[in-house]
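I have placed the structure first, in the form of structure tokens, so that the comments after it can refer back to it.
The values are calculated or read from the model by the stated rules, or taken from the named source; none is laboratory data. If you're wondering where the values come from, they're calculated on a predicted model, not measured in any experiment. Glycine gets a Cβ as well: all are built from the backbone with ideal geometry, and neighbour counts include every protein chain shown. Please note that ligands, DNA and RNA were not included when accessible areas were found on the heavy atoms of the full protein model with its side chains. Shrake-Rupley method; radii C 1.70, N 1.55, O 1.52, S 1.80 Å.
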Amino acid sequence: RGKRAFIAGIADENGYGWAIAKSLAAAGAEILVGTWVPAMNIFETSLRRGKFDASRVLPDGSLMEITKVYPLDAVFDHPEDVPEDIKSNRRYAGYSNWTVQEVAECVKKDFGTIDILVHSLANGPEVSKPLLETSRKGYLAALSASSYSYVSLLKHFVPIMNPGGATISLTHNASERIIPGYGGGMSSAKAALESDTRVLAFEAGRRYKVRINTISAGPLRSRAAKAIGFVDTMIEYSINNAPLQKELVADEVGNAAAFLLSPLSSAITGSVVYVDNGLNAMGMAV
Ligand code: NAI
């Protein structure tokens, strides 16, 4: 049978998660999705009404099928962690079983095992503030949503992954180089994500024979990136300065992801793989 993938962090057709889902579907994988609870209603409605159909077309002309969409909030690990104001929030009220532990249990109950896990989510409430002006709360929220969320997903999903399985997350070069504007502790969160990729690759590799890598992606006009505000500047900067002077399209990250999640990359784990038209390699802009 084909491989089964769970992709956390899809809420529309514009982000990296959607492109990764498409590349995996084109390679024959079954697609399960985890969608942030507040975005669940609009995502499911749009899917059902065919709003994404043009973006669902695969290279062979068929449409990508999403077998099931699970509500997920990767900031909460267990039901007892959820505070009252979230429980009673009207955007959460209609949904249940959306903490990381519960989603993993539901996937296990529905499908038994998975082969592939994708973490394509991030959130930094103070991303538009310089690090020097970031509050403790904002910094820790960025780490919680963007870094620990991966640790938690792996903790709960790796035990239901088949040996030989693979996982990736999405990171950004602001972890290693100064990218003014990528604030609120988001640069710190990506540095943690990359360091954790190495440690987790060791732990999950030894214990479960599962591979863990991260893609350091160039700029894309996703919903999350538009919220940061300067993505157009980054795209222009990359086109002007990278070795490959073209705009990065999401499918290029999708295809690299499909490689890292397939047996073609069976000896690659613990790596940060740059899919950024080579911009990271530049030492001097010309
Ligand atoms: P996106 O908006 O398509 O994806 C982010 C997703 O995270 C959204 O669907 C959002 O609903 C979800 N999310 C936020 N908080 C969540 C939570 N607590 N629980 C569950 N889901 C939650 O945007 P994009 O840009 O495709 O982001 C995907 C990944 O790619 C992120 O890790 C981002 O940092 C990374 N990335 C993006 C770049 C860009 O320029 N767009 C560049 C490099 C990395």
Qualifying residue in the range 33-46 (condition: away from the ligand (no atom under 12 Å from the Cβ) and either closer than 17 Å to Asn255 by Cα or part of a loop (DSSP other than H, G, I, E, B) (or both)): no
Pairs with Cβ under 6 Å, 6+ apart, first in the range 266-281 and touching a residue at least 24 places away in the same chain (Cβ under 8 Å), second open to solvent by less than 50 Å² (accessible area, probe 1.4 Å) and among the basic types (Lys, Arg): Thr269/Arg211
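Restricting attention to the range 190-219, which residues are of a type in the set (A, V, I, L, M, F, W, C) and open to solvent by 20 Å² or more (accessible area, probe 1.4 Å)? Full working, then the answer.
We begin by selecting, within the range 190-219, every residue of a type in the set (A, V, I, L, M, F, W, C); these are 191-193, 199-202, 204, 210, 212, 215, 217.
Once the filter is applied, which keeps residues that are of a type in the set (A, V, I, L, M, F, W, C) and open to solvent by 20 Å² or more (accessible area, probe 1.4 Å), the range 190-219 yields Ala191, Ala192, Val199, Leu200, Phe202.
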Scope the range 1-22; condition within 15 Å of Ser169 (Cα to Cα) and either within 15 Å of the ligand (Cβ to nearest atom) or open to solvent by 40 Å² or more (accessible area, probe 1.4 Å) (or both); matching residues: Phe6, Ile7, Ala8, Gly9, Ile10, Gly15, Tyr16, Gly17, Trp18, Ala19, Ile20, Ala21
Matching residues, the range 252-264, being open to solvent by 40 Å² or more (accessible area, probe 1.4 Å) and more than 10 Å from Ala19 (Cα to Cα): Phe259, Pro263, Leu264
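If I go through the range 97-126 residue by residue, how many of them are in a loop (DSSP other than H, G, I, E, B) and touching a residue at least 60 places away in the same chain (Cβ under 8 Å)? Spell out the reasoning first.
Residues of the range 97-126 that are in a loop (DSSP other than H, G, I, E, B), as a first pass: 97-99, 112-113, 120-126.
So of that shortlist, the ones also touching a residue at least 60 places away in the same chain (Cβ under 8 Å) come out as 98, 113, 120-124.
Here the count works out to 7.
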Among (1) at pLDDT 95 or above; (2) under 29 Å from Met282 (Cβ atoms) - the single one Ser149 does not satisfy: (2)
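Every residue in the range 241-251 that is of a type in the set (Gly, Ala, Ser) and either more than 13 Å from the ligand (Cβ to nearest atom) or open to solvent by 80 Å² or more (accessible area, probe 1.4 Å) (or both), please. Give the derivation first.
Restricting attention to the range 241-251, the residues satisfying the condition of being of a type in the set (Gly, Ala, Ser) are 242, 250.
The one that is of a type in the set (Gly, Ala, Ser) and either more than 13 Å from the ligand (Cβ to nearest atom) or open to solvent by 80 Å² or more (accessible area, probe 1.4 Å) (or both): Ala242.
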Residues (surrounded by fewer than 19 Cβ atoms within 10 Å (Cβ to Cβ) and either touching a strand residue (DSSP E or B) at 6+ places or on another chain (Cβ under 6 Å) or of a type in the set (Asp, Glu) (or both)) located in the range 112-135: Thr113, Glu133
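Looking at Ala26, is it open to solvent by 20 Å² or more (accessible area, probe 1.4 Å), more than 15 Å from the ligand (Cβ to nearest atom) and in contact (Cβ under 8 Å) with a residue 40 or more places away in the chain?
Working: open to solvent by 20 Å² or more (accessible area, probe 1.4 Å): yes; more than 15 Å from the ligand (Cβ to nearest atom): yes; in contact (Cβ under 8 Å) with a residue 40 or more places away in the chain: yes.
In short, yes.
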Residues located in the range 265-286, provided they are surrounded by fewer than 11 Cβ atoms within 10 Å (Cβ to Cβ) and not hydroxyl-bearing (Ser, Thr, Tyr): Ala267, Ala281, Gly283, Met284, Ala285, Val286
Qualifying residue in the range 149-172 (condition: within 17 Å of the chain's Cα centre (by Cα), surrounded by fewer than 24 Cβ atoms within 10 Å (Cβ to Cβ) and farther than 15 Å from Ala204 by Cα): no
Filtered residue count, the range 76-96, keeping only those that are within 14 Å of the ligand (Cβ to nearest atom), part of a loop (DSSP other than H, G, I, E, B) and open to solvent by 20 Å² or more (accessible area, probe 1.4 Å): 5
Pick from the range 220-240, criterion open to solvent by 20 Å² or more (accessible area, probe 1.4 Å) and over 24 Å from Ile42 (Cβ atoms), ranking: nearest to the ligand (Cβ to nearest atom): Met234
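Before we move on, is Pro180 assigned to a loop (DSSP other than H, G, I, E, B) and more than 13 Å from the ligand (Cβ to nearest atom)?
Values: assigned to a loop (DSSP other than H, G, I, E, B): yes; more than 13 Å from the ligand (Cβ to nearest atom): yes.
When the stated conditions are applied, Pro180 passes them.
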Filter result for the condition that a residue is small (Gly, Ala, Ser) and at pLDDT 95 or above, over Gly283, Gly278: Gly278
